[in-house]
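Notes to accompany the following structure.
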Amino acid sequence: MKQKISSFIFLATSIVIGLGAFGHAQQWWKVVYPAIGHRVSDPRMLNLLLAVWLFVSGGMLSFGLVLIWSWLRIGKGDRGVAVIPLGIAVFYFIFGVLSWVYVGRFFALFVVLSSLLFTSTLVLNARRTAL
């Protein structure tokens, strides 16, 4: 039962991380561009910021897809891929804590997502021992 719950948590967290890319990209047009678009004197700088913003969105989508692939592999018994979601979880945790402290409480979401991903990965990857 613990395996099934952890599997659901892992998959749901992976989907949230991947879909977060679309919300992130949308924030450029709804929040960032209206706030700074008229203040940037060099349009190349604005284009650079847009490129970096969309690159991060693409990274989030890529993380989500790689996590779903990892979930499929772990479900088939491949314990070696666990390093991928664990690495992503650690990255999200460090980024989440620092951003929560320096930017705002929205980034607590990254801490929650990373904790769910890390814990569910450990449970799914635990070796079953005979009783």
Looking at A21, A25, which is the one that is within 24 Å of F118 (Cβ to Cβ), touching a residue at least 24 places away in the same chain (Cβ under 8 Å) and either outside any helix (DSSP H, G or I) or hydrophobic (A, V, I, L, M, F, W, C) (or both)? A21
The stretch 1-11, subset free of Cβ contacts under 8 Å to residues at least 60 places away in the same chain and more than 10 Å from L124 (Cα to Cα), residue surrounded by the fewest Cβ atoms within 10 Å (Cβ to Cβ): M1
Residue hits (the stretch 34-53; at pLDDT 90 or above and of a type outside the set (A, V, I, L, M, F, W, C)) are P34, R44, N47
Out of F22, F95, F91, F110, I need the residue that is under 15 Å from the mean Cα position of the chain (by Cα) and crowded, with 16+ Cβ neighbours inside 10 Å. Which one? F110
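Can you report the number of residues in the stretch 1-11 which are farther than 14 Å from S70 by Cβ and in a helix (DSSP H, G or I)?
To start, the set of residues in the stretch 1-11 that are farther than 14 Å from S70 by Cβ comprises 1-5, 8.
The next check asks that each one be in a helix (DSSP H, G or I); those that pass are 2-5, 8.
Adding up the residues that qualify gives 5.
What about V40, is it of a type in the set (V, I, T) and part of a loop (DSSP other than H, G, I, E, B)? Give the derivation first.
On the way: of a type in the set (V, I, T): yes; part of a loop (DSSP other than H, G, I, E, B): yes.
When the stated conditions are applied, V40 passes them.
Can you say whether S57 is touching a His at 6+ places or on another chain (Cβ under 6 Å) and surrounded by 11 or more Cβ atoms within 10 Å (Cβ to Cβ), as far as the supplied structure shows?
On the way: touching a His at 6+ places or on another chain (Cβ under 6 Å): yes; surrounded by 11 or more Cβ atoms within 10 Å (Cβ to Cβ): yes.
Taking the combined requirement at face value, the residue satisfies it.
Test G80 against the criterion of being surrounded by 18 or more Cβ atoms within 10 Å (Cβ to Cβ) and over 19 Å from K2 (Cα atoms), and give yes or no.
Numbers: surrounded by 18 or more Cβ atoms within 10 Å (Cβ to Cβ): no; over 19 Å from K2 (Cα atoms): yes.
No: the conditions fail for G80.
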Just to check your reading of the model, which residue among V31, V66, V56 is farther than 23 Å from M1 by Cβ, among the β-branched types (V, I, T) and at pLDDT below 95? V31
Kindly list, by first and then second residue, each pair from a residue in the stretch 28-50 that is without any contact (Cβ under 8 Å) to a residue 60 or more places away in the chain to a residue that is among the polar types (S, T, N, Q), limited to pairs with Cβ atoms under 9 Å and residues at least 6 apart or on different chains. W28/S57
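The values are calculated or read from the model by the stated rules, or taken from the named source; none is laboratory data. Bear in mind the structure is a predicted one, so any value in this text is a computation, not a measurement. For neighbour counting, all protein chains shown are included, and Cβ atoms are generated from backbone atoms with ideal geometry for every residue, glycine included.
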